[in-house]
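The values are calculated or read from the model by the stated rules, or taken from the named source; none is laboratory data. Source: prediction; values computed, not measured. Don't worry about glycine lacking a Cβ; one is built from the backbone with ideal geometry, like all the others, and counts go over all protein chains shown.
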Amino acid sequence: MKIKDIKILVTCPGRNFVTVKVVTDEGIYGLGDATLNGREMAVATCLEEHVAPCLIGRDPQNIEDIWQYLYKGVYWRRGPIGMAAIAAIDMALWDIKGKIAGLPVYQLLGGRSRKAATLYAHANGESIDETLDNAAALMEDGFKAIRLQSAIPGLPVTYGVLGDKKDYFELQGNRPLPPEEEWSTKKYFNLVIELFERARERLGDDIHLLHDVHSRLTPIEAARLGKLLEPYDLMFLEDACIAENQESYKLVRNHTTTPLAIGETYNSIWDCKELIENQWIDYIRTAATHAGGITGLRRIIDFAGIHDVKSAPHGAPDLSPICFAAHIHLNIWAPNFGIQEYVGPGNEEMQRIFKHNIKVEDGMAFVSDAPGLGVEFDEEAAAEFPYKRSYLPVSRLEDGTMWHW
Ligand code: GCO
Ligand code: MG
């Protein structure tokens, strides 16, 4: 079997998605997700100009060799763009292998460790009351774990809380440039402690609660937040501070028993090796799309497992359903699976383009038994929604200083 063609398909059904289709000479094809929010065309070009030409004529069954060829064989290892390109090819090759074998990908990984993958949903709001109303509704729908985020009083906008804007294109107006948002750690601390205090009063003690700081704190502030949140028993506190110095997490860890999660922006095991081997974190959040595909993420999950760190793959709306499917296969297999982030099935246009039959019931995702990843991509529907440039916001302190994402 040989790779005959590699198509790079960019579509924007409300958000940009980069999809790779690897076509073989025997008619079987595989799909992969290469979406890198705000830098989509860099990955698409990398695939088109640099990666795809090297793969035509190779045997798609040699997943590991192709992964190593694209990783070790390139002078410029790692990095989000290169690793997203490798990831998409890798997912497509696993999809092809599953189709050849007539087996779903989780069977190729080693089979089932659980009946379904527990999900955490998002409750956001312009006020604490609105956030908790949304959380109560999600509990009614059967979710057993919910991430709470609420607008920070005194700041014009809060990341992740869109207010009256319907999506983030609207937030950027007709001039797609990164929106600039203000950040105040002082104002945030006041809000976040009250949010969790009131959440436990209203939602009770049985529901798992989570929170994402989006890396806005310094290590000592993160340590203090973890400590102040201890009475509210979070499942995890995510991205409490940046870990470019991985040892920063030693400081946070030594001050709090609140479980810590990080990793959605990481693209290889090297970004989190010390965090994991020193057991400074509890959950690793790397995504298949951003960490070298199923092969890359499986390696991280196995390494995490021997250090008592669980997996909690990133599941934001900017990862396509192909990545979601890859995660569900990995989650069903991984002995050390923790939880999967989940933001719903996407809008109608997205559901027309990406078709799969992963069932979500009672706050859990049930894997599909279709061969491969079990996702179909409608190229004609995708072509109706061309790429639209767009950015994530940037963050500045109130005095104008550029701040962390
Ligand atoms: C999450 C993430 C998202 C990201 C987004 C950026 O935990 O879901 O932090 O909120 O901001 O994926 O591309
Ligand atoms: Mg996050």
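Scanning region 299-328 for residues that are in contact with a Lys or Arg (Cβ under 6 Å, 6 or more places away or on another chain) and of a type in the set (G, A, S) yields a total of 1. The set of residues in region 368-390 that are over 19 Å from Y29 (Cβ atoms) and either acidic (D, E) or assigned by TED's automatic domain parsing to the domain that holds G293 (or both) comprises D369, E384.
Surrounded by 14 or more Cβ atoms within 10 Å (Cβ to Cβ) and not basic (K, R), is that true of I128? Yes: the conditions hold for I128. Is it fair to say M91 is crowded, with 18+ Cβ neighbours inside 10 Å, in contact (Cβ under 8 Å) with a residue 40 or more places away in the chain and in contact with a His (Cβ under 8 Å, 6 or more places away or on another chain)? Considered against the rule, which asks whether it is crowded, with 18+ Cβ neighbours inside 10 Å, in contact (Cβ under 8 Å) with a residue 40 or more places away in the chain and in contact with a His (Cβ under 8 Å, 6 or more places away or on another chain), M91 comes out as no. Considering only residues that are outside any strand (DSSP E or B) and either within 15 Å of ligand 2 (Cβ to nearest atom) or buried (at least 22 other Cβ atoms within 10 Å of the Cβ) (or both), which ones fall in region 139-150? Result: F143, single match. Screening region 1-72 for helices (runs of 4 or more DSSP H) wholly inside it with 1 or more residues that are farther than 19 Å from T289 by Cα returns the ranges 52-55. Residues in region 107-162 that are closer than 30 Å to D369 by Cβ and of a type in the set (F, W, Y) were compared, and the one that is farthest from ligand 1 (Cβ to nearest atom) is F143. R198 meets the stated requirement of being touching a Leu at 6+ places or on another chain (Cβ under 7 Å), among the charged types (D, E, K, R) and touching a residue at least 60 places away in the same chain (Cβ under 8 Å).
Against the numbered list (1) within 19 Å of M402 (Cα to Cα); (2) modelled with pLDDT of 95 or more; (3) in contact with a strand residue (DSSP E or B) (Cβ under 7 Å, 6 or more places away or on another chain); (4) more than 16 Å from ligand 2 (Cβ to nearest atom), W183 comes up short only at (4). Among the numbered conditions (1) surrounded by fewer than 20 Cβ atoms within 10 Å (Cβ to Cβ); (2) at positive phi; (3) within 16 Å of ligand 2 (Cβ to nearest atom), the only one that G204 does not meet is (3).
Under the condition of being without any contact (Cβ under 8 Å) to a residue 40 or more places away in the chain and touching a strand residue (DSSP E or B) at 6+ places or on another chain (Cβ under 7 Å), the residues counted in region 8-46 number 3.
For residues that are within 16 Å of ligand 1 (Cβ to nearest atom) and within 24 Å of G372 (Cα to Cα), scanning just region 23-42, find the one that is surrounded by the most Cβ atoms within 10 Å (Cβ to Cβ). Taking the candidates together, the pick is A34. Among residues that are over 24 Å from G263 (Cβ atoms), among the hydroxyl-bearing types (S, T, Y) and more than 16 Å from ligand 2 (Cβ to nearest atom), T19 is not included. For region 351-374, the criterion of being within 16 Å of ligand 2 (Cβ to nearest atom) and closer than 29 Å to A42 by Cα is met by none of the residues.
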